[in-house]
Each structure stands twice: as structure tokens, then as C-alpha cells.
Amino acid sequence: MYYDMVTFLAWVLLSFCKLIKKRRDDACISLIIHIFADDIDNIVNDKSGFMEEIRIYHSIWKNIGLIAICFVFVAMGILMLLRGEQSFIAWTGILFFGGGGLFVLFLILRERISHKAYYIITDESVSMDSGMKKREVRFADVEEFYLINVSSSKQIGIKYKKEVEFQKMNDASSAGRTIRKLNERLAGVQESLPADGLNIKPQELCDLLNMRLTR
């Protein structure tokens, strides 16, 4: 139902913008069309699963609330500073929530304006590009993808084939081995993929990835 509502609202907005654009060559309208066109295409294409390459972005709708909450905490921290109350706690909240909110905003704007998807799924692999780090997981190396809970977030656990998992552990640095062992204790897997705040539900993304394993 969420996808139906978002698709309808985005379609109405896109249709309205396109109608205006036919009569007036307005740069702001072009930017709105540019931003929302991907949301419509990806919601439809992700559910169909028929495309050779699928691009998945962070959802504007799902992250607006998160950004708002972050800036509410920033405002509370600033108010505490103005009142001279607990400056350490105030600065911690401002830096943590302010940085988090700006990072999420950066991800959304980067993806929509530059058309750089967070995930790109092909028949051979899934690639992740967060703007600071790139990863690629080849389907030939994976036995299964499954949902896991890490603290309050949903992630997709990657169960590698035994020989691949052994090789990854050997190739990792000493710090990397420690992190992998810690991940295994806490989440049951060495690696995982973030699944929150996207324009596809975590379970749908997991199912889509598992479908690629059977191709």
C-alpha cells in the first residue's frame, strides 16, 4: 500500500511538472522532474524484477522524518547552550545529530542530482556506492541473503560460500579480522548490506537479491 500511495503521489507531481514544462522552460521544474522520476521508475522496476540492471536509491519520503528528528535534537542542543546548561551534552548532540542529518541529506541530494544509485543490481553482482565507500558482492560467491536486525536497523546478511568466506578472512588485515569476528558474534555474518530508508522494502530487496542467485 505504501508503494501504491507513493507511486500515485509522485506520478501526479511528475505529470503536473511535465505539463508546466511544455509551456514554460523553467529550470526549477526541470530539477523537480529530475529528482522524482527515479523514484517512480525504481519503485515499478524493483517490484517487477525484469530489468537487466536495477538501481535503488534512498527514499526521500522515508528520510524526511529522520532528517527532521536530527535537526530537532540539534535545535535542543543549541537551546541548551544558550541557557548555559550542560555544554558537553549539548555539543555532543549537535555534532552527532547534526552530522547524521547532514550525511543523510548529502546521500539523497547526491543520488538524485547526479543519478548515482546507492545500489546497482545486475545479473552478476550488487554494487553499493555510499559516496565515501564502494563495495561489490558477486552473486557467484554467495549462498544466501537474509534479513538481520543490527541494533534498531534492518540489514541484509551475506552468507558467503565456505571457501569464499575463508579467503576473505585470510585476506583481511588484523583489524579487519577482528571486525569480521565481531560481526559474526553480534549478527551471525561477516558482512551485511544496509536496508533501511530505501525506495524498496528490506524484505523485497532481500528477495530480489536471492532471485539473482538462481539465475
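The values are calculated or read from the model by the stated rules, or taken from the named source; none is laboratory data. Please read these numbers as outputs of a predicted model, since none were measured by experiment. FYI the Cβ positions are ideal-geometry reconstructions off the backbone, even for glycines, and counts take in every protein chain you see. Side chains are part of the model used for accessible areas, which takes the heavy atoms of the whole protein and leaves out ligands, DNA and RNA. Shrake-Rupley method; radii C 1.70, N 1.55, O 1.52, S 1.80 Å.
Details
- Sequence of 118, 146 when ordered by accessible area, the most exposed leading, probe 1.4 angstrom: 146, 118
- Amide proton proximity set for residue 144, modelled H, under 5 Å, gap of 5+: 159
- Across region 160-175, computed HN-Hα scalar couplings (Karplus, 6.51 cos²θ - 1.76 cosθ + 1.60, θ = phi - 60°) run 6, 5, 3, 5, 6, 4, 5, 5, 5, 5, 5, 6, 6, 6, 4, 5 Hz from first to last residue, x flagging Gly and Pro.
- Exceeding the 18 Å Cα-Cα cut-off - candidates 62/154; 162/201; 116/161; 154/201; 161/181: 162/201; 116/161
- Burial ranking of peptide ranges 73-85, 55-67 (average Cβ count within 10 Å, highest at the top): 55-67, 73-85
- 3J(HN,Hα) couplings calculated from phi for region 60-65 with the Karplus curve 6.51 cos²θ - 1.76 cosθ + 1.60 (θ = phi - 60°) are, in sequence order, 4, 5, 6, 9, 4, x Hz; Gly and Pro show x.
- Surface share of carbon and sulfur [accessible, 1.4 angstrom probe, percent] for region 72-197: 60 percent
- Residue separation of residue 207 and residue 146 scaled by 0.36 nm, minus their Cα-Cα distance, works out to 21.1 nm of gained length.
- Average 1/r across all pairs of distinct alpha carbons in region 145-215, invert it, and you get the Kirkwood radius: 13.0 Å.
- Per residue solvent-accessible surface (Å²) - region 140-215, probe of 1.4 Å: 57 Å²
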